[in-house]
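The values are calculated or read from the model by the stated rules, or taken from the named source; none is laboratory data. Being a predicted model, the structure only gives us computed values, none of them experimental. Please note: Cβ atoms are built from the backbone with ideal geometry, for glycine as well, and neighbour counts cover all protein chains shown.
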Amino acid sequence: MWIERKVLAQEIPAAAALDTRQLCEVLAALGFPVDGVAALEGTEALDVDITANRGDAMSHRGIARELAAKLQQPLAPIATGTVSEGAALVPVRLEAEACPIYATAVLALGEGITPEAVQSFLRALEASPKRLPAVDASNELLLRYGHPTHAFDADAIHGAVTVRWAKAAETLVTLDGVTRTLTERDLVIADEAGPIALAGVMGGDRTKVTEATRRVLLESAWFEPKVVRATARRHSLHTDASHRFGRGADPAMARVARDLLVARLQAWCQAKLIGAWTSGAVPAPAAPVNLDLTLLARVAGEAVPLEAAQEALARLGCTVTVAGDRLCVAPPTWRHDLAIAEDLAEEVLRLRGYEHIPSVLPPMEGPPEHLAPAYLLRQRVARRLAQLGFHQTVTYGFISPEADALFAPPDNPAAGRTLANPLGYEYSVLRASLLPSLKATAEQNLRQGSRQIKLFELAPTYRSTPAGPREQMALAAVWGGVLGGEDYLSPARAVLEADLAGLARDLDLPGLPTVHRLAEGLFGFEVELDALPRPQDRIIPVFRPFSRFPSVERDLSLLVDLGQSYADLHQAMAAALPAESLLELRCVDVFRHKSLPEGQQAWLLRMRFQAERTLVGDEVDGWVSAALAAAESLGAKLRA
Amino acid sequence: MDQLLPPEIVEAGQTFPAALAACGDLDALLRLKGAFVGREASHATRLMELLKTAPKEQKRELGAAINGLKQQWEEGLKVRQAELEAAKRKLGALAASWDPALPPPQPPRGALHPLNRLMDRLVDVFRPMGFHVEEGPEVETEAHNFDGLNIPEDHPAKASSDTFYLAAHPELLLRTHTSPVQVRTLLRVAPDLAARGGIRFLAPGRVYRKDEIDPTHSPMFHQVEGMLVGHGIGMQHLKGTLEYALRALFGPDTEIRLRPSYFPFVEPGCEVDVSCPLCGAKGCRVCKGSGWVEILGAGLIHPNVLTYAGIDPHEWSGWAFGMGVERMAMMLSQTPDLRLFFENDQRFLKAMGGLD
């Protein structure tokens with residue numbers, strides 16, 4: 001809220017002596033940080049950030065009250081004229097508990113307009129003056145004292161005024177010209193012809209004050225915050241009035257604000273008071289709150305003398321009585337946020353200044369807990385992938401239905417994962433897979449000129465269940481573009497599916513995940529995190545002896561059909577070899593060339609043998625012959 | 001003397017030095033050697049034949065001349081051979097030499113996402129104080145996201161203009177903060193809180209709010225929640241812990257400042273400022289000249305939050321804080337646009353991320 005310095009100084013003269021920086025620091029220390037300062041003709045306005053619990057501070061008077069308590073300086077008295085109340089000129093009936101008090105007055109307006117000083121105050125606070133004294137005075141009062149009031153054209157009101165719940169489907173054209181259809185939970189001010197205002201939110205068009213208005217009926221009431229908030233939300237009608245009533249106005253201000261309004265109209269346009277009266281009364285205050293000194297000391301981090309606490313709360317307007325080692329505190333009528341002992345402790349600390357809170361490390365009361373295995377696993381996998389040259393991405397959890405459909409299995413319908421109120425269609429489904437997001441990110445990077453793209457993400461994916469979307473932490477990796485070719489020793493080649501298979505092996509995935517071809521030269525896979533092997537419990541595995549005898553290596557170059565399954569061949573050859581001596585059997589080269597017989601390729605199979613003795617050539621030759629025979633049984637031939 | 005020799009040999013003899021110099025490699029030298037002093041059909045063998053058939057009286061003189069020539073040729077060839085061999089060795093050595101300025105093969109180097117790195121760093125900072133990591137789902141219930149946190153029934157954050165809800169499950173939403181992890185964790189540990197000796201944890205994670213995407217807003221962002229419950233916990237413990245953690249993060253000279261503020265789930269509540277880590281609190285663009293940067297919101301756990309979880313607020317108390325990860329990352333890196341963190345341009349990730 002904008003606070004104008006000159007008007008603030010009228011409420012608390014001591015504030016005039018502070019420079020802007022000091023004032024901002026005091027306000028910040030009180031919990032009201034200043035977001036900006038605007039220089040105006042001859043003065044300044046501060047953009048003060050007021051938290052939602054402090055409706056009482058949303059005015060110049062409210063901020064002045066806080067400064068007065070902190071600086072221990074007096075507030076200027078509120079200059080109300082003396083309005084003597086009399087009999088009701090118009091019956092005002094309060095039919096709902098949500099409006100316990102309704103002060104009003106009827107005045108005949110005379111000649112005159114809003115004083116220039118007030119107009120410039122309103123302009124400074126971004127409230128445009130209407131040049132109708134009754135309207136401008138009401139706005140000025142709201143900004144200055146925080147109490148919303150309203151002026152009706154008294155001659156437009158038919159008969160008695162009632163504060164009541166609206167009838168279903170009743171309508172009201174509000175001041176903004178919109179026809180509102182009301183519900184039974186909307187509180188209205190009504191005359192005998194129907195609603196004339198949405199209580200605490202906005203007046204009605206039919207009874208609004210215009211330049212033709214001769215007599216006004218003023219309203220200065222108090223409405224239940226919850227009711228005002230609900231109506232403002234229901235009608236999407238958030239006004240200065242609903243903002244203040246919604247956060248809790250001061251019921252004791254109802255009469256005072258009415259008197260201030262009367263005095264302004266008398267002064268500004270020679271208005272004549274015809275009558276003033278009040279229906280209802282200020283509601284009984286909430287029960288006092290006890291503040292235990294032990295609790296205060298616990299919260300503050302050190303003992304706070306009873307007198308100091310008592311004095312601080314009294315400065316904030318609380319009525320404090322001492323009962324043993326506790327304070328019995330009745331908050332002032334404008335504070336609705338002091339409901340429990342902790343609230344009061346905060347007030348004491350706030351006035352002392354949070355800078356006085358000591359700094360202490362909390363003692364350990366029990367053993368620290370371990371990091372969860374799933375968390376550690378994610379950390380380990382992410383680090384391994386980063387070391388392998390992959391970049392971790394963070395993409396949105398919601399994607400378009402089309403993107404989602406690319407990788408969502410049929411048993412995971414999008415309907416159960418769709419948002420009711422997405423930011424847009426393209427962000428409407430909680431993704432079943434991370435691959436659509438990674439594919440889009442990879443393609444974007446390739447368009448940006450990346451030679452090689454290596455990305456991974458660790459994030460939840462969603463599965464529709466009757467109880468709602470079930471989250472499953474997943475790992476997805478994509479790899480594409482050109483590998484190597486960036487230095488004189490590494491030849492360039494395209495990234496292939498086999499590279500993803502190698503990555504899966506590096507991560508110790510059990511088996512090969514499905515490698516998807518996401519686009520030309522772009523591949524990816526996705527696995528659930530649970531599929532990744534857990535870190536071992538043992539710090540170091542059990543020792544397994546290994547042979548110290550030399551190993552023997554033999555290669556076999558085989559001509560095989562193009563359709564030959566490597567797994568079958570490998571299995572057949574391994575079965576023919578002595579398991580206890582076979583260290584390794586692997587294909588180390590695949591050669592496909594027009595020089596080979598049509599329909600055939602050459603595989604170079606490498607075997608490594610080792611035993612607990614020195615292997616002799618004849619023995620190894622025998623094994624190799626057996627392996628060759630096994631390969632030949634599948635149609636392979638020794639390549640000449 | 002020369003008249004005793006055939007003129008073509010005399011001529012060859014005269015061109016020998018030039019021919020020798022023209023030999024660029026050992027092969028050429030070998031050919032020249034063959035032509036002059038080779039065992040067959042060389043100038044030398046022809047001269048030897050000439051000597052055989054020469055008249056006796058000329059033999060002595062001719063023999064001396066021939067020897068002189070042969071010696072001259074052999075000497076020249078030897079010297080040239082040594083030169084050529086030295087040059088070859090030198091080239092061989094050069095060919096085997098390595099120029100360290102040539103770009104070497106580079107082992108691949110990827111990067112963790114800068115937001116994840118920052119969250120990991122925070123976990124590292126809190127680990128020595130006995131904090132572990134708690135996590136919760138991103139799809140949450142209204143009860144965990146709002147009700148358990150003392151957020152009033154009619155709070156505006158609950159509106160569909162602020163919070164994403166699931167179409168098929170109106171009671172489910174995307175969590176708007178990491179605070180529901182507080183509720184879940186407190187509910188879980190409440191029965192044996194005394195045996196555990198309270199609890200202290202961090203909850204890093206992704207959260208969602210219905211904000212349009214622009215340079216300072218994103219519908220998905222990250223928070224790190226911190227919570228501690230114990231006996232006799234007050235604001236001094238919050239201040240002590242944060243002072244330790246923020247000094248570990250930003251350096252030992254870092255100062256912190258608590259200012260009163262309001263969040264429904266804490267009482268008292270505060271905002272925490274840190275002396276500007278970029279300018280050393282001298283005043284810069286990032287701290288807007290004030291020397292302070294707002295870093296997180298915190299406070300003592302509201303008794304209603306403890307009560308909701310089944311923990312007696314008369315016996316137990318604690319503190320909680322919540323920190324915006326993007327905000328801190330942007331501040332520290334001076335990244336001008338929040339969207340860069342979600343665009344995942346490899347150049348950005350490589351530059352802003354790291355391996356640990």
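Structure above, values below:
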{"quantity": "Selection from segment A:277-317 of residues that are touching a Lys or Arg at 6+ places or on another chain (Cβ under 8 Å) and under 30 Å from residue A:96 (Cβ atoms)", "calculated": "A:278, A:279, A:317"}
{"quantity": "Boolean, residue A:560 is closer than 24 Å to residue A:498 by Cβ and surrounded by 18 or more Cβ atoms within 10 Å (Cβ to Cβ)", "calculated": "yes"}
{"quantity": "Residues satisfying the stated conditions in segment A:415-436, i.e. more than 10 Å from chain B (Cβ to nearest Cβ), within 25 Å of residue B:211 (Cβ to Cβ) and assigned to a helix (DSSP H, G or I)", "calculated": "A:425, A:426, A:436"}
{"quantity": "Yes/no for residue B:152 being within 10 Å of chain A (Cβ to nearest Cβ) and not in a helix (DSSP H, G or I)", "calculated": "yes"}
{"quantity": "Hits in segment A:507-526 (condition: part of a loop (DSSP other than H, G, I, E, B), in contact (Cβ under 8 Å) with a residue 12 or more places away in the chain and small (Gly, Ala, Ser))", "calculated": "A:521"}
{"quantity": "Residues being touching a Pro at 6+ places or on another chain (Cβ under 7 Å) and either over 19 Å from residue A:502 (Cβ atoms) or within 7 Å of chain B (Cβ to nearest Cβ) (or both) - total across segment A:369-394", "calculated": "5"}
{"quantity": "Boolean, residue A:114 is modelled with pLDDT of 90 or more, part of a loop (DSSP other than H, G, I, E, B) and polar (S, T, N, Q)", "calculated": "yes"}
{"quantity": "Some residue of segment B:156-171 being in a helix (DSSP H, G or I) and either out of contact with any Ser or Thr (no Cβ under 7 Å at 6 or more places or on another chain) or touching a residue at least 40 places away in the same chain (Cβ under 8 Å) (or both)", "calculated": "yes"}
{"quantity": "Near pairs, Cβ below 9 angstrom, 6+ apart or cross-chain, from segment A:428-452 (buried (at least 23 other Cβ atoms within 10 Å of the Cβ)) to any residue that is in a loop (DSSP other than H, G, I, E, B) and basic (Lys, Arg)", "calculated": "A:437/A:431"}
{"quantity": "Extreme residue, surrounded by the most Cβ atoms within 10 Å (Cβ to Cβ), among residues of segment B:136-147 that are more than 7 Å from chain A (Cβ to nearest Cβ) and within 26 Å of residue A:370 (Cβ to Cβ)", "calculated": "B:140"}
{"quantity": "Helices (runs of 4 or more DSSP H) enclosed by segment B:292-356 - at least 1 residues per element that are more than 13 Å from chain A (Cβ to nearest Cβ)", "calculated": "B:303-308, B:325-333"}
{"quantity": "Pair list, Cβ < 9 Å and 6+ apart or interchain, from segment A:79-95 residues that are of a type in the set (Lys, Arg) to residues that are modelled with pLDDT under 90", "calculated": "none"}
{"quantity": "Any hit, segment B:174-195, residues being surrounded by fewer than 20 Cβ atoms within 10 Å (Cβ to Cβ), free of Cβ contacts under 8 Å to residues at least 60 places away in the same chain, part of a loop (DSSP other than H, G, I, E, B) and of a type outside the set (Asp, Glu)", "calculated": "no"}
{"quantity": "Whichever residue in segment B:14-26 is part of a helix (DSSP H, G or I) and touching a Leu at 6+ places or on another chain (Cβ under 6 Å) and, among such residues, is farthest from residue B:85 (Cα to Cα)", "calculated": "B:19"}
{"quantity": "Residue B:226 vs. criteria under 29 Å from residue A:352 (Cα atoms) and either buried (at least 18 other Cβ atoms within 10 Å of the Cβ) or not assigned by TED's automatic domain parsing to the domain that holds residue B:341 (or both)", "calculated": "yes"}
{"quantity": "Every residue from segment B:210-240 that is more than 10 Å from chain A (Cβ to nearest Cβ) and under 30 Å from residue A:422 (Cβ atoms)", "calculated": "B:214, B:215, B:216, B:217, B:223, B:224, B:225"}
{"quantity": "Yes/no for residue B:203 being within 30 Å of residue A:428 (Cα to Cα), touching a residue at least 24 places away in the same chain (Cβ under 8 Å), among the aliphatic types (A, V, I, L, M) and more than 10 Å from chain A (Cβ to nearest Cβ)", "calculated": "yes"}
{"quantity": "Filter result for residue B:260 (free of Cβ contacts under 8 Å to residues at least 12 places away in the same chain and under 28 Å from the mean Cα position of the chain (by Cα))", "calculated": "no"}
{"quantity": "Residue satisfying condition, being without any contact (Cβ under 8 Å) to a residue 60 or more places away in the chain and surrounded by 15 or more Cβ atoms within 10 Å (Cβ to Cβ), within set A:75, A:18", "calculated": "A:18"}
{"quantity": "Failed item, numbered, when residue B:253 is tested on (1) free of Cβ contacts under 8 Å to residues at least 24 places away in the same chain; (2) surrounded by fewer than 17 Cβ atoms within 10 Å (Cβ to Cβ)", "calculated": "(1)"}
{"quantity": "Filter result (within 17 Å of residue B:300 (Cβ to Cβ), in contact (Cβ under 8 Å) with a residue 12 or more places away in the chain and in a helix (DSSP H, G or I)) within segment A:294-308", "calculated": "A:294, A:295, A:296, A:299, A:300"}
{"quantity": "Positions within segment A:353-368 being out of contact with any helix residue (DSSP H, G or I) (no Cβ under 7 Å at 6 or more places or on another chain) and more than 8 Å from chain B (Cβ to nearest Cβ), in sequence order", "calculated": "A:356"}
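This table checks each residue for (1) of a type outside the set (Lys, Arg); (2) over 41 Å from the mean Cα position of the chain (by Cα).
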{"position": "A:130", "(1), (2)": "no, no"}
{"position": "A:133", "(1), (2)": "yes, yes"}
{"position": "A:136", "(1), (2)": "yes, no"}
{"position": "A:146", "(1), (2)": "yes, no"}
{"position": "A:157", "(1), (2)": "yes, yes"}
